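Novice: Please read through the structure below; I'll follow up with questions.
Derivation of every value follows stated rules applied to the coordinates shown; laboratory data play no part. The shown structure was predicted, so the numbers you read here are calculated from the model rather than taken from an experiment. All Cβ positions, even for glycine, are placed from backbone atoms using ideal geometry, and neighbour counts span all protein chains on display.
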Amino acid sequence: MKYYLMAWNKFFQFTGRSRRSEYFWFVVINLVIIIGIALISVVFGPAAYEVGLGLLGLYSILILFPSLSLMARRFHDMNLSAWFILPFLLISAFIQAQVNSGLEPGTLTRAAAIVQLLIQITLCFFAGTPGPNKYGPDPKGITAPMPQTKQKQREETVEVALPEGKEPTPTKIPDDPFKGYDG
């Protein structure tokens with residue numbers, strides 16, 4: 001529920017990044033609400049059917065902006081532009097037009113629904129870019145390790161004051177480390 005409310009708190013925030021869990025729970029809870037409204041309208045018969053359709057329409061309008069902003073942030077988390085929402089919207093409009101026409105869904109409509117489902121699965125289950133990316137810091141708060149640069153080590157050595165009788169540590173390994181050892 002925390003992630004669902006987090007999405008509502010960022011209602012018009014189209015910048016930054018969002019975690020998979022925020023997107024997943026927003027989608028699941030909205031799906032449960034939509035199925036609940038549909039079931040209630042079916043259970044109460046034909047009179048409730050029109051009311052149910054009206055409620056579904058109102059709820060769809062209500063969740064439109066939070067859904068779009070969350071989808072934008074989720075694409076940002078995967079280091080992709082929010083313009084990737086456009087195909088999703090076009091597919092949704094095509095499917096809705098097909099449903100509203102009253103015609104039997106054809107192969108193209110079914111294919112569009114499958115593409116839309118694949119986009120949803122990608123947003124729900126594929127991990128985002130670890131560490132910061134061009135859209136902001138990692139929403140998990142984890143930073144990716146920075147690549148190591150190959151810098152030359154300086155050849156200089158620092159002279160350390162040693163107690164008397166101690167020899168300094170050699171800077172290179174001798175060819176025969178046991179030479180002179182009377183073990």
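Novice: About the Cα centre, and with charges only on the beta carbon of Lys, Arg (+1) and Asp, Glu (-1), how big is the dipole of the range 1-125? Nearest 20 debye, please. Mind showing how you got there, number by number?
Specialist: Working: 8 positive and 4 negative charges, 105 e Å.
It comes to approximately 500 debye.
Novice: On to the next question. Just want the answer: with Cβ charges of +1 for Lys and Arg and -1 for Asp and Glu, which residue in PRO46, LEU5, ASN30 is farthest toward the dipole's positive end in the range 1-125?
Specialist: Value: LEU5.
Novice: Also, I was wondering about something else. Pick out, in residue order, every one of the chymotrypsin sites (Phe, Trp or Tyr not before Pro) in the range 78-145 that is DSSP loop and has at most 13 other C-beta atoms within 10 Å; say none if there are none.
Specialist: Numbers: sites: TRP83, PHE84, PHE88, PHE94, PHE125, PHE126, TYR135; in loops: PHE126, TYR135.
Taking the range 78-145 and a limit of 13 other Cβ atoms within 10 Å, the loop chymotrypsin sites (Phe, Trp or Tyr not before Pro) found are PHE126.
Novice: Per residue of the range 44-50, what does 6.51 cos²θ - 1.76 cosθ + 1.60 with θ = phi - 60° give for ³J(HN,Hα)? Whole Hz please, x for Gly and Pro, Karplus curve as stated.
Specialist: 3J(HN,Hα) across the range 44-50, in whole Hz: 8, x, x, 5, 7, 4, 5.
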